[in-house]
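One structure below.
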Amino acid sequence: MKKIISPILALLAFSVHAQDKAELKPYNIYEDKENDVKINLGARFFTDLAYNTSDYTKMKSGAAIDDARIRTSLTYKNWYFYGDFDFGRGEFTQRNLFIRYYLKNDEKSSKSLKLGYYAEPFSMNLNTSEYGMHFITRPSAVFALGNFRALGITYKYYNTKFFSDTGVFTEDVYQNKKTTGDQSWNVTGRYVYIPVNNEQQTAHIGLSLRYKRNNGGNLIGNNSVLQTNQNISAPMENPIEQPDKFLGTDVLWAKNIYKIGVDALYKRQKFFARGEYIYQKITKKRDDQTLFNNQLGGLWSWTTLKSWQDANPLSPTSFDGGYIELGALLNSKPSYKYTKEFALMEGVYEKGAIEAVARYSYTNLNDIKSGDVFLKGRNKFYPDGNITDYPNESMSVAGGKMHSATLGLNYTFNRHAIIMLAYTYSRLDNPYYPDDKNFNSLQARMMFNF
């Protein structure tokens, strides 16, 4: 533990030094009031520490620079440009790059069009900036069942009671990267009703919807059949060890993907409660006739199309997950705030704020059919418990099910420096990893934002 505690103390010492500095506003590097032009420049830096344990598979512990961003924006009359580039973990990643045009924007309501690469409007949690989060990591459920940034165009409207954001997106940033087939596309939207929003309290209920048409994949069967697939996965809820092997699977023949998410939030000045639930259904499509013809004459040939289909059944696959979060401010001055522009709760940026948080989350990527038996020696399911040597596929999919509980404590030195501490316990159920059940993670994060 000394190896973990020492870096934490070093970070605390550095943070106290940061507290002594004068609080800074976002850097305005150029402004032309006559022509209504403004250019800003900013930066963000996250350092993470974690000590992780598990029952069987070794989990990494240590430190990492998870986020190191340079941000720039330009405002010209009704136009707004934003670029956000990350160098965390020693790799360059394009985070956000978009243009927004405001059709209307005043205190009562706003209408705008947005074009570029940015977060799809699905999930309250995924549309919250990491610097505005109250936990070190996002719930595994939103990683697995939500969706992050994509190239698209959206229309957003909001007023004092209602928020809507709807768009059309492609799968990849610049081009179709699938081996073959066309580029996939989707339609995504988030809609929120805000019955109460004043200085004392806020309440909202939201709905997220997404439809994806999966068009690309790989050629199989003598390169004669396009096999589409969809990877569904999530890292463990700790910032250092981020494999998706414990929670993840490839859904073969995935064609149409439907998602629905509901979120609810209630906050007072010193307390908040919020949560989300996400359900996903994947329907499938394949060229049975060609695949049947290709297997004729083999060692285990099925002689009729129906017999082959019975041995290789195809059915929809469903997953779900969700979380509940609670938070409380432990000192008198700071208070929680809500922004109707994004229908989200903001981070805690007031100097000296102390916050305690708790979360329960679950992620279910297991869709195991009744009666199917998993044989670890062969790493596959057998329908109705019949372990056979001839080809006989199961419709079961096992990506793992995980329950997690997190307790955290956050301290704000000033609006530019925040330290977060947390402990997370996770319980895993994945037939591919029968010896891995219990996971523990002690975490620390230091965040700087300018």
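The values are calculated or read from the model by the stated rules, or taken from the named source; none is laboratory data. These numbers were taken from a predicted model, which means no experiment stands behind them. Every residue, glycine as well, gets a Cβ built from its backbone with ideal geometry; the counts of neighbours run over all protein chains shown. Calculation scope for accessible area: heavy atoms of the full protein, side chains included, ligands and nucleic acids excluded. Shrake-Rupley method; radii C 1.70, N 1.55, O 1.52, S 1.80 Å.
Here are a few things to note about the model shown:
- Selection over region 143-158 of residues that are open to solvent by less than 40 Å² (accessible area, probe 1.4 Å) and outside any loop (DSSP other than H, G, I, E, B) gives a count of 7.
- Filter pass, Val373 being open to solvent by less than 40 Å² (accessible area, probe 1.4 Å) and either free of Cβ contacts under 8 Å to residues at least 40 places away in the same chain or touching a His at 6+ places or on another chain (Cβ under 9 Å) (or both): no
- Counted residues, region 387-438 - those being open to solvent by less than 60 Å² (accessible area, probe 1.4 Å), within 20 Å of Gly248 (Cβ to Cβ) and part of a strand (DSSP E or B): 10
- Residue, least open to solvent (accessible area, probe 1.4 Å), within region 282-303, restricted to residues that are assigned to a loop (DSSP other than H, G, I, E, B) and in contact with a strand residue (DSSP E or B) (Cβ under 8 Å, 6 or more places away or on another chain): Arg286
- Neighbours by Cβ (under 8 Å, 6+ apart or cross-chain): first from region 269-293, within 30 Å of Met345 (Cα to Cα); second among the aromatic types (Phe, Trp, Tyr) and buried (at least 20 other Cβ atoms within 10 Å of the Cβ): Gln269/Tyr336; Lys270/Tyr336; Phe271/Tyr336; Phe272/Tyr336; Gly275/Tyr323; Glu276/Tyr323; Tyr279/Phe319; Gln280/Phe319
- Residue within region 178-191 that is more than 30 Å from Arg268 (Cβ to Cβ), at pLDDT 95 or above, open to solvent by less than 30 Å² (accessible area, probe 1.4 Å) and β-branched (Val, Ile, Thr) present: yes
- Selection within region 223-236 - in a strand (DSSP E or B), surrounded by 19 or more Cβ atoms within 10 Å (Cβ to Cβ) and aliphatic (A, V, I, L, M): Leu226, Ile232
- Residue match in region 208-222 (condition: closer than 23 Å to Phe292 by Cα, aliphatic (A, V, I, L, M) and either at pLDDT below 90 or open to solvent by 10 Å² or more (accessible area, probe 1.4 Å) (or both)): yes
- Verdict on Asp250 being touching a strand residue (DSSP E or B) at 6+ places or on another chain (Cβ under 8 Å), within 25 Å of Leu428 (Cα to Cα), outside any strand (DSSP E or B) and open to solvent by 30 Å² or more (accessible area, probe 1.4 Å): no
- For region 214-239, the set of residues classified as of a type in the set (S, T, N, Q) and touching a residue at least 12 places away in the same chain (Cβ under 8 Å) consists of Asn214, Asn215, Asn218, Asn222, Ser224, Gln227, Thr228, Asn229, Gln230, Asn231, Ser233, Asn238, listed by residue number.
- Output for region 253-281, where each listed residue is aliphatic (A, V, I, L, M) and surrounded by fewer than 19 Cβ atoms within 10 Å (Cβ to Cβ): Ile260, Val262, Ala264, Ala273
- Positions within region 395-426 being touching a Phe, Trp or Tyr at 6+ places or on another chain (Cβ under 8 Å) and without any contact (Cβ under 8 Å) to a residue 40 or more places away in the chain, in sequence order: Ser396, Lys401, Tyr425
- For region 304-354, a residue qualifies if it is open to solvent by 60 Å² or more (accessible area, probe 1.4 Å), modelled with pLDDT under 90 and assigned to a loop (DSSP other than H, G, I, E, B), and the qualifying residues are Ser332, Lys333.
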